[in-house]
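Data block below; observations after.
The values are calculated or read from the model by the stated rules, or taken from the named source; none is laboratory data. None of the values given here were measured: they were computed from a predicted structure. So basically every Cβ, Gly included, is an ideal-geometry build from the backbone, and we count neighbours across all protein chains shown. These area figures cover heavy atoms from the full protein model, side chains too; ligands, DNA and RNA do not enter into them. Shrake-Rupley method; radii C 1.70, N 1.55, O 1.52, S 1.80 Å.
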Amino acid sequence: MLSLSRLRLLSPPKRLSATLNARFLSDVNPIDEGTGKHELWRDSVSQHDNEPMVRRRDGTYEPIEKLRGFINYQRNPEPYRDPLERVTDWGELNPTEDDLDIRHNDVERKVQAARCMDCGTPFCSTHSGCPVNNKIPEWNNLVYEGMMSEAISNLHSTNNFPEFTGRVCPAPCEGACVAGLVDNPVTIKNLEYSIVDKAWEDGYIVPRIPKTRTGMSVAIVGSGPAGLAAADELNQMGHKVTVFEREDRIGGLLMYGIPNMKLSKDTVDRRVNLLREEGIEFVTNADIGKNIDVNELRSNFDSLCLCLGATKPRGLSDVPGSDLKGVHFAMEFLTKNQKRLLMTREGNLESNWEKEQFITAAGKDVIVIGGGDTGTDCIGTSMRHRCKSVTNFELMPQPPPERATDNPWPQWPRVYGVDYGHAEVRAVFGEDPREYGVTTKEFLGDEEGKLRALVTQKVEITKAGIKPVEGTEKEWPADLAILSMGFVSPEQYVVEELGLEVDQRNNIHAMYGDFRTSMEGVFAAGDCRRGQSLVVWAINEGRGVAEKTNNYLVKKREAEMTATSPFHHLSSMNA
């Protein structure tokens, strides 16, 4: 009897026989193990057709179609580069143009786009899925139709920076995908990434210079995703926008908080340069509230937007030994590493970098306290430093492999997963770095005040909260401990100088949807208003604060024009 693969070569496999169906359909895998993509087939007559036939889950080969795409085709996300390869460099995790063996081609992208159900209520686009309300079914269909110019226009209508979210967003849209109710969700994040990268490659993204200017000016403090989104929107509305950044480069979290392998700094610079061409002015090394008086901004601009981020880290000051040398916050570790990489890339010798300014994990036993994206970034950075070992402590118990009863769709699925940093540790050291349900009890130092070990204790979750388990103490060797437990609030010196009201968490008090602070003409958005969150939520906030700031500026301009009119004192003219 002929094998299935042999049959595929000899005759057009339009429909397998009932016998073959009975034997093979229960375990047919349409993904080719060699290419990592759906298997393709062309007959001898149409070998030069632009689009081949694609293998379906039932084993048949048919032209790509969308009506039953979510049934016919298998979810197949574009893989990252091989862990053992990527830990040797600082290149992005995503495959480049040179990685044709794993990078998805146009056919595979169309197959994945065909899986979008175009459902009646696209939860992926709602608040439970996408904070910026991307029109996901629409641009999935445009990818399916090969209309990439229209796809980037549609994507940009809701998302200012899809090249950022397509790389770093954890994709809550996929957690809310309707297809995920009965099968695996659509590869929404991959498709978003492919749309914007194709748009940059083909020259669809070009400067949009506002045709008119309003004469009104806005100062934005902070150049992270919220600040940049606000700047982009306000500039397109015709206002003069100046962005102030305390660091030496524009981008905030995007530049110094997210490491190269997740988001190349060339990608950030490319977008910033575009915004600069469109008329936005950027001022670096401007630490508002320290080397620049915030009241000067208020007096020199018509409005002020605070997009400061939430940069005050959560620490372990109550744990003995937390002040030892070798205990650092995650952002301190990541930022200094990124600055060193940029210095080296620009031709400066590494020896010019002051050694005490650089925190290295090279040859050290590293412990990262706290999970989440930032913790994973610290793991990945330590691996590229060639650490001796890396362990990740998480306070909560290990998540279940599938959704729990109290975590229904379309909520974000709180399930066990393996992120890029965990995969790299597994590939190099042979085991997952995470230890669940532990708390740090003490940091131990040597006679020179340097960290040498940590003492942990197991915890259990009770109705009364988290409770330590007696007799479960354990000592772990450590030369470097990285605290990655999130952020509690924005730093307060700008807030205090302006005398702004804050909420119970010391975030700037500004109602969502309104964004006005307690001071006239001052608005707040992003993590400094809502607390630590995702890049996509920061973009949402930036777009929202731009709308409210624009409304304020329009009214202010109208009032100023009325006040300067020679007839403004005549009540009959003002009626």
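Note on segment 65-173: enclosed helices (runs of 4 or more DSSP H) holding 1 or more residues that are touching a residue at least 60 places away in the same chain (Cβ under 8 Å) are 69-72, 83-86, 106-114, 136-144, 162-168. Can we say Arg414 is open to solvent by 50 Å² or more (accessible area, probe 1.4 Å), under 23 Å from the mean Cα position of the chain (by Cα) and under 23 Å from Glu460 (Cβ atoms)? Criteria met by Arg414. Counting only residues that are open to solvent by 10 Å² or more (accessible area, probe 1.4 Å) and either part of a helix (DSSP H, G or I) or acidic (Asp, Glu) (or both), which one in segment 198-224 is nearest to Cys528 (Cα to Cα)? Here the residue is Trp200. Among the candidates Ser5, Ser26, Ser44, the residue that is at pLDDT below 85, among the small types (Gly, Ala, Ser) and either in a loop (DSSP other than H, G, I, E, B) or surrounded by 14 or more Cβ atoms within 10 Å (Cβ to Cβ) (or both) is uniquely Ser44. Please tell me if Thr187 is under 13 Å from the mean Cα position of the chain (by Cα) and among the hydroxyl-bearing types (Ser, Thr, Tyr). Considered against the rule, which asks whether it is under 13 Å from the mean Cα position of the chain (by Cα) and among the hydroxyl-bearing types (Ser, Thr, Tyr), Thr187 comes out as no. So, Leu84, is that one closer than 30 Å to Pro259 by Cβ, modelled with pLDDT of 55 or more and exposed (fewer than 12 other Cβ atoms within 10 Å of the Cβ) or not? Against the criterion (closer than 30 Å to Pro259 by Cβ, modelled with pLDDT of 55 or more and exposed (fewer than 12 other Cβ atoms within 10 Å of the Cβ)), Leu84 qualifies. Being at pLDDT 95 or above, surrounded by 14 or more Cβ atoms within 10 Å (Cβ to Cβ) and within 24 Å of Ala179 (Cβ to Cβ) is a description that applies to Asn76. When segment 199-228 is examined, which residues are found to be out of contact with any strand residue (DSSP E or B) (no Cβ under 6 Å at 6 or more places or on another chain) and of a type in the set (Ser, Thr, Tyr)? Once the filter is applied, which keeps residues that are out of contact with any strand residue (DSSP E or B) (no Cβ under 6 Å at 6 or more places or on another chain) and of a type in the set (Ser, Thr, Tyr), segment 199-228 yields Tyr204, Thr212, Thr214. Taking the numbered list (1) under 22 Å from Lys548 (Cα atoms); (2) touching a residue at least 40 places away in the same chain (Cβ under 8 Å) in turn, Thr212 passes all entries but (2). Being at pLDDT 95 or above, more than 26 Å from Glu442 (Cβ to Cβ), in a loop (DSSP other than H, G, I, E, B) and basic (Lys, Arg) holds for only one residue in Arg414, Arg386, and it is Arg386.
Considering segment 436-494, and only residues there that are closer than 26 Å to Ala310 by Cβ, among the hydroxyl-bearing types (Ser, Thr, Tyr) and not in a strand (DSSP E or B), the residue that is most open to solvent (accessible area, probe 1.4 Å) turns out to be Tyr493.
Listed by first and then second residue, the pairs linking a residue in segment 361-383 that is assigned to a loop (DSSP other than H, G, I, E, B) to a residue that is basic (Lys, Arg), with Cβ atoms under 6 Å apart and 6 or more places separating them unless they lie on different chains, are Ala362/Arg386; Gly363/Lys388; Lys364/Lys388.
Glu278 meets each of the listed conditions (1) open to solvent by 10 Å² or more (accessible area, probe 1.4 Å); (2) in contact (Cβ under 8 Å) with a residue 60 or more places away in the chain; (3) charged (D, E, K, R) apart from (1).
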